[in-house]
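Trainee: I am attaching a structure below and will ask some questions about it afterwards.
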Amino acid sequence: SSIFEFCLRPGFMASSEDVDARAETAKEWQEQDEQEGEKVSNFLLKSKQVQPSRAELRRYARHLGMEPKDEDLLWIADEALSAPMPIGWTEHERGGRVFYFNTKTGNSTWVHPLENLYRDTYKTISKFRNKFMDDERARKMRDMHKETQRLEKFVREETINWVQRRSAEHGRNFWWNAKSGDSSWDDPRPSLLVSLYLRMKMLYVLFQWIKDHGSAELKQQVQVDDVVAAGTGEDLGAPRALADSSRDGTVGHSSEPTPHRIQANFTAEDAPPLGLNMLWSTPPVVEAIIPGTPAARFDLKTGDQLALVNGVDVRSLPHTHIVGMFRERPLDCVFLRMA
């Protein structure tokens with residue numbers, strides 16, 4: 001089974017019938033709010049050109065089922081706007097509206113195919129904070145931690161299967177899955193990582209809530225070290241086998257002597273996970289950047305080498321040591337891109 005099939009299970013993605021139901025929900029929202037502003041699809045199209053205002057983001061959050069009192073969770077709506085396309089889906093525009101087409105089934109929808117991931121993320125956090133008792137919260141944290149570890153293993157294995165090839169017929173690169181035989185013009189790895197990223201960030205947010213609002217008994221029940229380890233999000237890198245399987249040399253290092261420096265500065269507002277998918281080689285290398293995350297603000301690309309963290313040369317340090325440094329704030333990183 002593929003990671004996308006895995007994400008279709010309850011709690012990650014809805015069925016095709018559910019997607020149609022979401023489309024109906026979007027339609028109702030559009031009809032109710034037509035006098036107040038743009039329709040959802042118009043808003044999505046506009047948001048790709050102009051950064052939405054806070055008020056517009058709140059309205060979109062309402063479309064996702066979020067309540068006004070959960071202002072601290074607006075990041076879910078913000079990140080939903082930049083969600084990547086899953087494998088087999090393409091985005092199109094018609095009459096000033098955005099719609100999505102499934103190349104395998106031939107079906108189309110006005111609703112982004114990953115929208116339910118963001119809806120479910122909000123529902124889980126809201127239910128945890130407002131409806132669960134302490135025993136339920138402790139059990140939920142343990143279950144989510146195990147689920148995150150299982151999902152991380154699955155994503156690692158699936159990511160390794162995707163390698164880049166060159167199409168002589170079209171004169172451009174494409175991505176090919178060595179296990180399934182599927183292919184894609186666009187890099188499929190960000191869409192594979194987004195469900196893992198959301199799960200890890202959700203764990204971190206819930207851990208912070210327990211730290212700030214949980215009872216002493218709940219704090220005792222929750223294994224803090226385990227939760228933090230699952231929520232840091234800096235050890236998302238595929239193993240070294242990914243570099244070995246990338247036959248076109250996309251992942252790896254150049255021997256050119258003149259590097260270009262990229263500065264990435266993270267503040268206290270940049271809560272983990274930062275969205276850096278690292279290959280923990282020597283030196284560490286950027287394997288992918290997850291869209292909509294703090295790391296996406298910077299001009300980082302696959303193959304950039306991590307050189308300095310808060311002034312410390314980390315090119316030969318163990319990755320466990322570097323992951324610990326990534327928890328510091330402020331966090332100033334220097335990456336090198338070989339010319």
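The values are calculated or read from the model by the stated rules, or taken from the named source; none is laboratory data. What you see is a predicted model, and the numbers here were worked out from it, not measured in a lab. Glycine also receives a Cβ, built like all others from the backbone with ideal geometry; neighbour counts cover every protein chain displayed. With ligands, DNA and RNA removed, areas are computed over all heavy atoms of the protein, side chains included. Shrake-Rupley method; radii C 1.70, N 1.55, O 1.52, S 1.80 Å.
Trainee: Evaluate the following for Asp332: is it among the acidic types (Asp, Glu) and more than 18 Å from the chain's Cα centre (by Cα)?
Mentor: yes
Trainee: Which of the residues spanning the range 302-338 are touching an Asp or Glu at 6+ places or on another chain (Cβ under 8 Å), among the polar types (S, T, N, Q) and either under 28 Å from Val163 (Cα atoms) or open to solvent by less than 10 Å² (accessible area, probe 1.4 Å) (or both)?
Mentor: Thr302
Results for (1) closer than 30 Å to Ile210 by Cβ; (2) more than 17 Å from the chain's Cα centre (by Cα); (3) surrounded by fewer than 13 Cβ atoms within 10 Å (Cβ to Cβ); (4) of a type in the set (Asp, Glu), shown as yes or no for each residue.
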| residue | (1), (2), (3), (4) |
| --- | --- |
| Lys69 | yes, yes, yes, no |
| Asp78 | yes, no, no, yes |
| Leu81 | yes, no, no, no |
| His92 | no, yes, yes, no |
| Arg129 | yes, yes, no, no |
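Trainee: Here is a follow-up. Give the residue that is least open to solvent (accessible area, probe 1.4 Å), with candidates limited to residues of the range 258-280 that are of a type in the set (Val, Ile, Thr) and touching a Lys or Arg at 6+ places or on another chain (Cβ under 8 Å).
Mentor: Ile262
Trainee: Okay, moving on. Does the range 47-60 contain at least one residue that is at pLDDT below 50, in contact with a helix residue (DSSP H, G or I) (Cβ under 9 Å, 6 or more places away or on another chain) and aromatic (Phe, Trp, Tyr)?
Mentor: No, there is no match, as no residue in the range 47-60 is at pLDDT below 50, in contact with a helix residue (DSSP H, G or I) (Cβ under 9 Å, 6 or more places away or on another chain) and aromatic (Phe, Trp, Tyr).
Trainee: Anything in the range 106-127 that is over 23 Å from Gly275 (Cα atoms), open to solvent by 70 Å² or more (accessible area, probe 1.4 Å) and either touching a residue at least 40 places away in the same chain (Cβ under 8 Å) or among the small types (Gly, Ala, Ser) (or both)? List them, or say none.
Mentor: Asn107, Ser108, Trp110
Trainee: Give me the residue from the range 197-227 that is modelled with pLDDT under 85 and within 23 Å of Glu157 (Cα to Cα) and, out of that set, nearest to the chain's Cα centre (by Cα).
Mentor: Val227
Trainee: Starting from residues that are hydrophobic (A, V, I, L, M, F, W, C) and open to solvent by 80 Å² or more (accessible area, probe 1.4 Å), keep the ones in the range 161-179 and report whichever is modelled with the highest pLDDT.
Mentor: Trp176
Trainee: Looking at the range 136-157, which of its residues are open to solvent by 20 Å² or more (accessible area, probe 1.4 Å) and under 18 Å from Leu192 (Cβ atoms)?
Mentor: Glu147, Gln149, Arg150, Glu152, Lys153, Phe154, Arg156, Glu157
Trainee: Do you know which of the residues in the range 37-46 that are assigned to a loop (DSSP other than H, G, I, E, B) and surrounded by 15 or more Cβ atoms within 10 Å (Cβ to Cβ) is modelled with the lowest pLDDT?
Mentor: Glu38
Trainee: For the range 294-315, which positions are among the hydrophobic types (A, V, I, L, M, F, W, C) and either outside any loop (DSSP other than H, G, I, E, B) or out of contact with any Phe, Trp or Tyr (no Cβ under 7 Å at 6 or more places or on another chain) (or both)?
Mentor: Selection gives Ala295, Ala296, Phe298, Leu306, Ala307, Leu308, Val309, Val312, Val314.
Trainee: Quick test for you: out of Pro291, Pro272, pick the one residue that is part of a loop (DSSP other than H, G, I, E, B) and under 26 Å from Gln164 (Cβ atoms).
Mentor: Pro291
Trainee: On the given criteria, is Asp248 charged (D, E, K, R) and at pLDDT below 90?
Mentor: yes
Trainee: Moving on to the next point. Looking at the range 97-114, is at least one residue under 28 Å from Gln221 (Cα atoms) and touching a helix residue (DSSP H, G or I) at 6+ places or on another chain (Cβ under 7 Å)?
Mentor: There is no residue in the range 97-114 that is under 28 Å from Gln221 (Cα atoms) and touching a helix residue (DSSP H, G or I) at 6+ places or on another chain (Cβ under 7 Å).
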